[in-house]
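A short worksheet on the structure shown next.
The values are calculated or read from the model by the stated rules, or taken from the named source; none is laboratory data. Given the structure is predicted, the values throughout are model-derived calculations rather than measurements. Note: ideal-geometry Cβ built from the backbone for every residue, glycine included; neighbour counts use all protein chains shown. These accessible areas exclude ligands, DNA and RNA; they are computed on the full protein's heavy atoms, side chains included. Shrake-Rupley method; radii C 1.70, N 1.55, O 1.52, S 1.80 Å.
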Amino acid sequence: MFSNNSISISVSDDEADELGRMRVRVRRKRKKLGHRLKNEFLYRVARKLVRYWALLIFLPALGLLLYEISRIGRKPSFVVKSELSAPEKPSLVGAETVKNSSLEKKSDGNLNRLDHTTRVVGGVRQRCLDILSPEELEHLEIPIRKDSNTPVKKVVYISENDTPFSGGNNSLSQEHTQAPRFNSFTGSQTLDQRAKSFKVNETVTMNCGFYSENGGFKISNEDKGYMDSCKVVVSTCAFGGGDDLYQPIGMSEATLRKVCYVAFWDEITLSTQEAAEHRIDGNGFIGKWRIVVVKDLPFSDQRLNGKIPKMLPHRLFPHAKYSIWVDSKSQFRRDPLGVLEALLWRSNSVLAISEHGARSSVYDEAKAVVKKNKAKPEEVEVQLTQYRHDGLPDDKRFNGKKALSEASVIVREHTPLTNMFMCLWFNEVVRFTSRDQLSFPYVLWRLKVLKKINIFPVCTRKDLVNSMGHIRKAKPLRS
């Protein structure tokens, strides 16, 4: 018998452990329930994605398409000032100035582009044209260079006052030359005279166009006065109404005060441009270009007429020290003084020209010219026959680079030796075909004393200009 009313209940360790496990199981059941709800939510999301995946892809694609359409519809803006660290620093005259000219156009492919062309060299991407900064260009001066070692000191140009042009073409045709192309502008030249013209002396006498006052290529006295004042000139031409005029961009304001931009037109181009509301202002300009209208062109072949301003700027600009030629199919987009510094002064060169992008052999180029109907097969064969006879190698190279040139951009210093070179080149395109790519390597090979040449890669030429292509076929001067 117990004396108290208390009841004791003993709990064994096993029962305590069982109770603990029950509690644990209850907690685990609650955790498993939350996990199941989460899986159910993800499952519903996945079902929605599977059901509406096409819509989810279509909407971003539609947005991207609308964005690209809006970009195409907008005119690109090139403000070179944004590249400078402070607004007071000098800037380049870019496409923002082009909109003020009478030749304003909607953005069309390459037009008004100022971005730099680059290439990978040794695993590093570099600019194709290493041009000075706008600040450096602002203070760049034209150097006075005197080369006392040049083998040619003076070039004397033959005129009708020296040897009157006979006009006889029979002897020329017997010598397998294109007799009709020699005229009172070029003067006559036999093959023997041609051979002698390549001989180098301190004073050389040669044909170089402008043979007779009645030979054509007439320029007004007002335009001549302007051209006489030019020390550095960028020139182009469009004869036969073939191409539009593209305003130059990318130059500094300081350069714009030192450089002449001259475009040669004939009366066909003048009427074509006036019909398109592109009119010369009262000072003779369209935008930055001084328009020089040439009358009485000497050749029926407009391509040959175009070789006169291309190859003979030293005859047209007698006081110019430097010139840059740009084909009419291109828009010049770099600072002219910067180009001279990069391609001539820095390398101590007197002539810079771009190599051919596709071929290196004159004979391969001749086949391409015939295939593309850019010259008659018989006249090309006459030229190649003469070059083979003279010993021109098949694959002429100059300092390890292609001697075959594309020749749409020519940068040069006006020295007696380069003047001689350009006269020889001009005489070749008159005698044979107007395809100057065929004759350039030959003249370079024959005139071995001209060594300071910078034959730059196609990449550099692409950085110099925006290539627009020919707009329309040039009309012949006469039938």
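Of note:
- Top-ranked residue of region 225-235 - restricted to ones that are in contact with a strand residue (DSSP E or B) (Cβ under 9 Å, 6 or more places away or on another chain) and open to solvent by 10 Å² or more (accessible area, probe 1.4 Å), ranked as farthest from Tyr322 (Cα to Cα): Tyr226
- Flag for His414 being open to solvent by less than 40 Å² (accessible area, probe 1.4 Å) and within 16 Å of Leu450 (Cα to Cα): yes
- Taking region 236-273 as the range and being open to solvent by 10 Å² or more (accessible area, probe 1.4 Å), over 26 Å from Leu114 (Cβ atoms) and among the hydroxyl-bearing types (Ser, Thr, Tyr) as the test, the residues that pass are Ser271, Thr272.
- Of all residues in region 381-395 being modelled with pLDDT under 90 and closer than 12 Å to Glu365 by Cα, the one that is surrounded by the fewest Cβ atoms within 10 Å (Cβ to Cβ): Asp394
- Any chance Gly216 is modelled with pLDDT of 95 or more, in contact with a Gly (Cβ under 9 Å, 6 or more places away or on another chain), in a loop (DSSP other than H, G, I, E, B) and not acidic (Asp, Glu): no
- Top-ranked residue in region 360-380 [being among the charged types (D, E, K, R) and either outside any helix (DSSP H, G or I) or touching a residue at least 24 places away in the same chain (Cβ under 8 Å) (or both); ranked as least open to solvent (accessible area, probe 1.4 Å)]: Glu365
- Of all residues in region 270-302, those satisfying the criterion of being more than 17 Å from Glu222 (Cα to Cα) and either in contact with a helix residue (DSSP H, G or I) (Cβ under 6 Å, 6 or more places away or on another chain) or among the small types (Gly, Ala, Ser) (or both) are Ser271, Ala275, Ala276, Gly287, Leu297, Phe299, Ser300.
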